[in-house]
Amino acid sequence: MYFQSQKCNEVYQPKHLYNYTLDCIQCKSEHTVSLNAPDLFKYNRGTYMQDAFPYISEGMREMMMSGICDSCFQTIFPPDDYDLE
């Protein structure tokens, strides 16, 4: 996963969090995502990303996987391109 190769800051107070700084591979914009330590542990043990991090938006989860921010993803793949209707 893209996010695991990026800069991370571990924080213990008030909660145990991992703060990842992600740079979009398309537009180079910087984004930050905070993950609860127990949820990251579950993810690393095989829990699906959407189940481990339900508090993270779909766009941010895509960035965590591919390195492409939501804005760039929407530009590259406009809704009409992947709408199944």
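Here, each number is a calculation from the coordinates, and none is a lab measurement. None of these values were measured; they are calculated from a predicted model. Methodologically, a virtual Cβ is constructed for each residue, glycine included, from the backbone with ideal geometry; neighbour enumeration extends over all protein chains shown.
Summary of packing: across the peptides 18-24, 60-66, 42-48, 8-14, the per-residue average of other C-beta atoms within 10 Å ranks them, highest first, as 60-66, 18-24, 42-48, 8-14.
Can you run the Rg to Rh ratio on the range 36-85? Use alpha carbon positions and the Kirkwood inverse-distance Rh.
Details: Rg = 13.1 Å, Rh = 12.1 Å.
Rg divided by Rh gives 1.08.
Under Stokes-Einstein, with the Kirkwood radius over Cα pairs as Rh, the value for the range 10-54 at 4 °C and 1.567 mPa s is 112 µm²/s.
Across the chain, Cα-Cα distances exceeding 18 Å account for 45% of all pairs. Sequentially through the range 53-63, phi angles give Karplus couplings (6.51, -1.76, 1.60; θ = phi - 60°) of 10, x, 7, 9, 5, 4, x, 6, 4, 4, 5 Hz, Gly and Pro residues having no value and appearing as x. Coupling constants for the range 8-23 follow from the phi torsions by the Karplus curve (6.51 cos²θ - 1.76 cosθ + 1.60, θ = phi - 60°), and in residue order they are 9, 10, 9, 10, 10, 10, x, 10, 7, 10, 10, 9, 9, 9, 10, 9 Hz; glycine and proline get x. A crude spin-label estimate for the pair residue 51 and residue 71, with each label 7 Å from Cα along the Cβ direction, gives 3.4 nm. Simple spin-label estimate for residue 80 and residue 23 gives 3.5 nm between the two label positions (7 Å along the Cα-to-Cβ direction from each Cα).
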